[in-house]
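Heads up: the structure comes next, in structure tokens.
The values are calculated or read from the model by the stated rules, or taken from the named source; none is laboratory data. Quick caveat, the model's predicted, so the values are computed rather than measured. Note: ideal-geometry Cβ built from the backbone for every residue, glycine included; neighbour counts use all protein chains shown. These accessible areas exclude ligands, DNA and RNA; they are computed on the full protein's heavy atoms, side chains included. Shrake-Rupley method; radii C 1.70, N 1.55, O 1.52, S 1.80 Å.
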Amino acid sequence: MRRVFAAGVIVMAALWADPAAAQSAPASSVPSGPLVNSWYLGVNTGTAVVEKFGGVVGVEGGMRFWRNLDLIGEIGWVQNSVSARQSYKIDTLARSVAASQGGPASGSLKAPTTFSGLGGRWVLESAGRFRPYFLVTLGGAKVNLKPSLTLNGADITSTAAQYGVTLGQDVIGKSNHFATEGGIGVVSGFGTSWYADVGARLLSINADQRVDVARLVFGGGYRF
């Protein structure tokens, strides 16, 4: 996960440090003023990873508050935020079933997660096409743990208690948690009102044990 986030940071840094890209763009296609004069609204997608890769989609909007500072809000969905610790718990339950029943058992866990946050984005405005930014948000995340237990190839998740296994809140059910996010990226305006956005972001969910979701996002939208 850390390597994925680090790779995104390297890509962002490469775009930031490429003045030739900005100089090669036709002058008429490069905004001469701030990228966001009033406010913006857009969508993004990409990939997210904790222990396994999954999809991510989001909606983001913001307004220019002061100088280069945008106040922003976002809502998003991550396909799977299961950590190694959570996977170990469901594997332990599966081994317990296998030992007590004398047959092959397996377990898996998925955690689709929705999140939202409010914060700020500082855009390094310039006359170039590519404009770096930093952002921080504070908000919450709703995690939906969905376990699966099988014995001899049959799903026993709903009847696990009959096999001496109790599925606790650490492996099943919905829960709400405080979440923070930080990230960097590059935003680029084109035409008179549209923009494109590429970024690397790290969503930290403060559950019983902190879960860090690394995201690489690609998106765009309309600026006003």
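Please tell me if residue 140 is free of Cβ contacts under 8 Å to residues at least 40 places away in the same chain and either open to solvent by less than 20 Å² (accessible area, probe 1.4 Å) or outside any helix (DSSP H, G or I) (or both). Judged against the criteria, residue 140 is a match. Hey, any hits in the stretch 148-165 for a residue that's acidic (Asp, Glu), surrounded by fewer than 19 Cβ atoms within 10 Å (Cβ to Cβ) and over 28 Å from the mean Cα position of the chain (by Cα)? The answer is yes; a qualifying residue exists. Hey, does the stretch 83-94 have a residue that's charged (D, E, K, R), open to solvent by 10 Å² or more (accessible area, probe 1.4 Å), in contact (Cβ under 8 Å) with a residue 12 or more places away in the chain and assigned to a strand (DSSP E or B)? No, the stretch 83-94 has no match at all.
Of the residues in the stretch 12-66, how many are in a helix (DSSP H, G or I) and either modelled with pLDDT of 95 or more or not polar (S, T, N, Q) (or both)? Number of matching residues: 10.
Taken over the stretch 143-162, the criterion of being among the β-branched types (Val, Ile, Thr) and outside any strand (DSSP E or B) is satisfied by 156, 157, 159.
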